[in-house]
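Inspection log for the structure reproduced underneath, given as structure tokens.
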Amino acid sequence: MAEVPAVRKPRSRLMRGLYFGLGILCVGLAYMSWLPGIPTFDFVILAAFFFARSSDRFHTWLVTHPVFGRIIRGYRSDGFTVRTKLVAAAAVVISLGFSIIVLVDNLVVRLILGVVGVYAIWFIMSRPRRINPDPTSP
């Protein structure tokens with residue numbers, strides 16, 4: 001896996017605190033991903049972004065986390081396996097489909113969720129594909 005270059009942190013304590021707070025919020029939302037409409041992947045990647053700019057300790061914790069770390073390492077490495085892409089796309093379809101069918105009663109909101117789902121699936125499928133996956137890597 002390629003070494004990730006060090007990120008320059010803001011000098012302002014206020015900005016570092018804001019980034020840290022946003023990182024904590026994203027991790028909290030990632031833990032709530034079992035709820036319909038809450039994605040894990042997006043919040044984990046955002047949390048890594050925010051922690052890289054605020055706290056080396058929390059960034060290291062997130063990158064070495066047994067579940068979240070695999071997501072980040074997979075995103076930063078040479079791509080995802082086909083299985084990973086299919087599982088992620090299925091999760092989007094199931095969670096947004098449940099939200100559209102059961103939770104939302106407004107046609108406009110349903111259409112917006114549908115467009116978001118199509119974009120999310122396109123984004124997942126447009127990421128690089130790892131040809132020969134290493135069983136020990138994410």
Problem - Verdict on THR84 being of a type in the set (S, T, N, Q) and at pLDDT below 80 - result: yes
Practice task
Test LEU113 against the stated conditions and say whether it is part of a helix (DSSP H, G or I) and in contact with a Leu (Cβ under 7 Å, 6 or more places away or on another chain).
Solution key: yes
Problem - Hey, ILE131 at pLDDT below 80 and within 15 Å of the chain's Cα centre (by Cα) or not - result: no
Problem - Members of region 59-102 found to be within 14 Å of the chain's Cα centre (by Cα) and surrounded by fewer than 14 Cβ atoms within 10 Å (Cβ to Cβ), listed by number - result: VAL67, VAL87
Practice task
Search region 46-58 for residues being surrounded by fewer than 18 Cβ atoms within 10 Å (Cβ to Cβ) and not basic (Lys, Arg), and hand back the single one that is nearest to ILE121 (Cα to Cα).
Solution key: LEU46
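The values are calculated or read from the model by the stated rules, or taken from the named source; none is laboratory data. Treat the numbers as computed from the prediction; the structure is a model and nothing was measured. Note: ideal-geometry Cβ built from the backbone for every residue, glycine included; neighbour counts use all protein chains shown.
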